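First the structure, in the form of structure tokens, and then the observations on it.
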Amino acid sequence: MRTELEAGAVDSPNRTPTWTGSIRKSHTATPRLIGRHRPRPRTPAICFKMLRDLNSSDPLHLKYIIKKIKNMAYGTPNLVLETIHDYFVDNPKISSRHRFRLFHVLEAVIEASDSLEEAWEKSFMQLALENMTKSTELEEAYQDAASNVLLAICRHSWRVVAQHLETEVLTGVFPHRSLLYVMGILTSNEAVFNQGEKACWEEQLAQMAVKSVQFLNTDVWSKELLLALTKPDQTHQEQPPEKAFLFIYYGLILQAEDNSTTVRTHVRTLLDTSHQWPKQREGIALTIGLAAVRHLDHVWAVLEQFGRSTPIKWSLHSFCLKNSEDLQWKWASSTILLAYGQMAVRAKAHILPWVDNILSRMVFYFHYSSWDETLKQSFLTAVLMLVGAISRKEGAHSYEFSQISELLECLMVLMEKEPQDTLCTSTRQQTIHIVSSLCKLRPPLDLERKSRILSVCLHSVLALPLLDVLEKHTCLFLEPPNIQTLYNKTSEALDQMLQSFIMQNPTADELHFLLSHLYLWLKSEKAHERQRAVHSCMALLRFLSHNPYLDPKEDFRRIGQLVGMLGILCQDPDRATQHSSLEGVGHLYQLLIRQRVRETPKVEVQAPEQLSQARVDGAPVWSSGDQKSAPTTPQKMAFPKDGILQLGSSQVIKEVMKHLTMVELNDLIWTAIDGLGSTSPFRVQAAADMLLTTVKEHGAGLETVASLGRAIHLQLCSVRIPQAKENALHAITLLARNHTPELVATFLDFSIPLDSHAFRLWRALGAEQPVSRLVLAMLLAWLQERPLPAGTRDGSRQPKDKPRLRSLAAMNTLHELQFAREFKKAVQEAYPELLLALLTQMHYILELNLPDEPQPGQKAPEAAMSSLQSMSLEALKSLLSTTGHWQDFAHLELQGAWKLFTTTHTYPQGVGLLARAMVQNHCKQIQAVTSLLLPRLQSKEERERKAAILILTEFLYSPALLEVLPRQAALTALARSLRDPSPEVRVLSLQGLGNILFHPEKGSLLRRQLPPFLDGFFHNSEQVVMQVMGTVSDVLHRLGAHSAAAQSLRVAINARSFFDDERAGIRAAAMALFGDLVAAMVDRELRGLRTQVHQSMVPLLLHLKDCCPAVVTQAKFALYRCAMLLRWPLRHTLFCTLAWERGLSARHFLWTCLMTHSQEEFGIHLAQALSSLHSRHHHIKTWAALFIGYTICYHPQAVSQMVNSVDTNLLFSTFEDLKKDPEPGLREFASRQFSFLQKVAARPQ
């Protein structure tokens, strides 16, 4: 009897359900069920009440009840099962919704039970079978709930359920959807079965399919099958289990069918259905694939026929769809692709001969179908299935697949079409996995195709934006993907592809080939791209370190480049990049040690498991790019016993360098030099540091130093970081210790013209004193390489041979280095050699027939070469001025003698004047230069012998000559030169032999000729007078130390008398003669001559403004020589003022020098200036007025005592005229002087 609680809680039954019969018959036999007639304990009653409350409409209360029942079921499942059974028996008319909820509870209770008694099994199976096919207002949800009860029973006894299912399916009536639902879950969900039972179910299912073959010829069954397959799904994203199973079952039936015609008919009928929805396409492809297991030829033929049908052609050519019905054909090619993939998967061993055919069709549909996301995903899925099928076949590697290259090209096109700013799908990951698999097949990939694959894949993955940016693109998605996970998987696929390549070809060349494609990304300007690239590089090295695929006997190639790249990235601002780079260096070190110690196995090397290193400051390795997870604590790298890990990153690189060959070290240096040209400041600095470190440690043994020097020059112009530039230059300094010749020769190639960067390189080259001497010696050696190109003499075009250009470059470089402090001492020491070499070089350039100035229309190279003449002249000038020989320089500058070096016929005169200046100035280098002349007189080059004989003939007038070259030795050398092949040298030698040094008696003869010559000064002919004065100058020069001291006063007086001659030529000749006389008497104290010198100073000063340039030149030189004779201080400043200064400041300085150092002659100077006010020459009168004006300003009292009223009026008139002068400064000066003169004149005498 039931309790009152139970009686009141349920409706009275009017009938007993049929499924309870078996359970009622066993009440007497089951002790547990006998208690049903006794009062129920409290727990069943509570359970009974909760089952009743499942009819509640309160969702929260309903959820609570279900949870309580499930908890109860875990403790006493049998009691709950019994209560549910009784509830169904006692309440047959409960609502469908209540029953629906009871089914869910029953399913959970059965699943929670460890075992299910046979009575309950049969009872609840019958309950489920009765309700699975019922039609209620809940529609399929109610049927599925009942079906799930049956599936829960399958977990305890699937064979019994399967037998019931088979019976229902093979009745000849098309199965109800609920049966198909249960069979679909059984087929797709392995959790229903215990281990090994799934295969038994599949075997039983195959037997069912064989037995169902007969139904293919039944029109009603076939139509209902097709209707069920084409029935629209409630959601097109997911396919119901019954429909998914039906595609499988249909395929199994077609597979079992022996009649090929029937198979063809059904396959074509299936293909003619709609292809609009993704799951439909996948189902059709699955059916076709299963059918192809036994009917591959026939299925292939149907697909080919279908592919040539009109709807497919329309879809391939993207014709405009006329109506919605045409949408069923839009993605038919996608179905075909999936079908090919399923055929490959299902055909198993029979597929290999078909692979090329299938691939060709896949490639065809890829190229000619309307491209969209659907086709792309279908193509990838199909290819994945095909590649997976091939990979599982042991004999696949014995086949050569001709379509592999075409398929790879399709995959590369697909990758290139992926949007570079988004990562929303696994397309990249799938594509890279496919590529990895295809590369394992034959034929092997050629380098060009492999290179394209690497370039495309690396760009597609590494060039993606930062993950934060990628996530922003998915913020509007309903179900946004996990970007971090998606990228990590894509990156892992890329790493696996690289590993696959090296596994297929485990050689050092292959490793270099792979890494060479990563180098572009390791040098990226974007931090996250470098971070990704170095991680991939490290992963590949770690793989090789842990898996010894590479032959240790094979030498690594270009490993130095890799060390350089990773070493630079160890200084990357991004911590994650630093960490990966250092870890990569550790794995590389492991590989290197393994390769280097193959013959010395005593060194034990442990494979590093996780190579990393914390910063010296202990900071964690944070990421600024893709690594979003919390930073892990760096673990120590497992290096060899020498404790390399305890060193800093630069020390680690040093340790690695110890094991590199010279070729590899060269590669390392080239990598560092390449890094100097980067736009990233950290890379430039790191590259410079590495360059300096490498040169310090191994610079002595480096090869191709010349090329390295050239490359450093090219990169130096782009280095903007001072410390990096200094390091690069210091590296040159260190290289110069052992490679000076190579560097000098290389630097000469870019020293015309010599830019600032090249100049700094030269300075770095000679930063160390011993090397600077060697550099100068080599430059001199190159300077002497002076080949005359063919056709020079006749003016034809000259070939650009390297020796000639280097000779010219050496000249240019020597010119610039004279101003460098690093070469100051070396230039001083090498002065004699440099002087002779530059004089010879100037003659060489003249021999090249180069024009002084580029002519109009002249080509750029020729114009550049024409500047070499002025360059050689500047080199000589700078040599004299920078080495302290400014007096020699002044002699030539003030005479305007430099132009003599610009033509061949005046060149001897220029060299002679320079040598004469050295003699007159008692140059301390005369002895050293003389010691070099004799060997040069024996030179094979005429230009060297010519320069030497020109200098020697002048040096004969110097007493210092005899200290290094005895008189007889000089005579012998000159006599030998009489046999010289050059007529010019022979003539010069003859002139030297006539020197008064060898013929003392000539002195008296020449002195006797002076009086007649002096009388010739008063000849009427200007030309005669000029020639006579020139002859007197020559006589004074030839007399040398045997000068005509007794007649010097007469010569001076006569020469001075012509300073104001109306004839410009005579004025110039007279001043030149006076200057020569002063120079000849500079070492003699002649009182009368000094008086003449004092009296000549004002006239010479006034003639600095002469209208004749020749007179101005001779006036300057004569004034300078007079100052030297009078031993004025500030003679160098005086020279500079005379040579280059203009304007009032220069005139004031010259007046100051004169008045300061000639106070005794104040009256004479003022009187000379006053007399010049009467000059007819405006410039002389103006200059005299300025002179007097300065004197009035500084010595007003003295002037007022010496001038009379006539002179004062003349001064007033002169200053009044100067107020109208075109020069503003002169007008202003005249105005001030006029006012001042008025004040002076007004003072009482």
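The values are calculated or read from the model by the stated rules, or taken from the named source; none is laboratory data. What you are looking at is a predicted structure, and each value in this text was computed from that prediction instead of being measured. Note that each Cβ is placed from the backbone with ideal geometry, even for glycine, and that neighbours are counted across all protein chains shown.
Assorted remarks:
- Qualifying residue in the range 1017-1036 (condition: in a helix (DSSP H, G or I), β-branched (Val, Ile, Thr), free of Cβ contacts under 8 Å to residues at least 24 places away in the same chain and assigned by TED's automatic domain parsing to the domain that holds residue 919): no
- Any chance residue 707 is assigned to a helix (DSSP H, G or I), surrounded by fewer than 22 Cβ atoms within 10 Å (Cβ to Cβ) and among the small types (Gly, Ala, Ser): yes
- Candidates 479, 448 - the one that is among the acidic types (Asp, Glu), surrounded by fewer than 16 Cβ atoms within 10 Å (Cβ to Cβ) and assigned to a helix (DSSP H, G or I): 448
- Yes/no for residue 135 being more than 23 Å from residue 279 (Cα to Cα), without any contact (Cβ under 8 Å) to a residue 12 or more places away in the chain and in contact with a Phe, Trp or Tyr (Cβ under 9 Å, 6 or more places away or on another chain): yes
- Criterion violated by residue 939 - all others in (1) in a helix (DSSP H, G or I); (2) surrounded by 13 or more Cβ atoms within 10 Å (Cβ to Cβ); (3) without any contact (Cβ under 8 Å) to a residue 40 or more places away in the chain; (4) of a type in the set (Ser, Thr, Tyr) satisfied: (1)
- From the list 402, 360, 370, 378, the lone residue that is crowded, with 20+ Cβ neighbours inside 10 Å, over 38 Å from the mean Cα position of the chain (by Cα), more than 20 Å from residue 496 (Cβ to Cβ) and polar (S, T, N, Q) is 378.
- Lone unmet requirement of (1) more than 27 Å from the chain's Cα centre (by Cα); (2) part of a helix (DSSP H, G or I); (3) farther than 19 Å from residue 377 by Cα for residue 520: (1)
- Set 174, 100: member being of a type outside the set (Val, Ile, Thr) and not in a helix (DSSP H, G or I): 174
- Within the range 1125-1153, being crowded, with 21+ Cβ neighbours inside 10 Å and in contact (Cβ under 8 Å) with a residue 60 or more places away in the chain holds for 1135, 1138.
- Residue 149 meets all of the listed conditions (1) surrounded by 21 or more Cβ atoms within 10 Å (Cβ to Cβ); (2) more than 28 Å from residue 223 (Cα to Cα); (3) free of Cβ contacts under 8 Å to residues at least 12 places away in the same chain but one, namely (3).
- Exactly one residue out of 54, 106 is aliphatic (A, V, I, L, M) and modelled with pLDDT of 90 or more, and it is 106.
- Any hit, the range 992-1005, residues being exposed (fewer than 14 other Cβ atoms within 10 Å of the Cβ), over 60 Å from the mean Cα position of the chain (by Cα), in a helix (DSSP H, G or I) and acidic (Asp, Glu): no
- Residue among 395, 388 that is over 22 Å from residue 334 (Cα atoms) and touching a residue at least 24 places away in the same chain (Cβ under 8 Å): 395
- Considering residues of the range 451-476 that are among the hydroxyl-bearing types (Ser, Thr, Tyr) and outside any loop (DSSP other than H, G, I, E, B) only, the residue nearest to residue 416 (Cα to Cα): 460
- Only listed residue being outside the structural domain of residue 147 (by TED's automatic domain parsing), in contact with a Leu (Cβ under 8 Å, 6 or more places away or on another chain) and either closer than 30 Å to residue 179 by Cβ or at pLDDT 90 or above (or both), chosen from 291, 244: 291
- In the range 966-991, residue nearest to residue 846 (Cα to Cα) [restricted to those that are more than 60 Å from the chain's Cα centre (by Cα) and buried (at least 20 other Cβ atoms within 10 Å of the Cβ)]: 988
- Residue count for the range 451-463, restricted to those that are in contact (Cβ under 8 Å) with a residue 60 or more places away in the chain and surrounded by 21 or more Cβ atoms within 10 Å (Cβ to Cβ): 3.
- If the condition is being part of a helix (DSSP H, G or I) and farther than 18 Å from residue 881 by Cα, then the range 829-849 contributes 840, 841, 843, 844, 845, 846, 847.
- Residue match in the range 58-70 (condition: farther than 24 Å from residue 154 by Cβ and hydroxyl-bearing (Ser, Thr, Tyr)): yes
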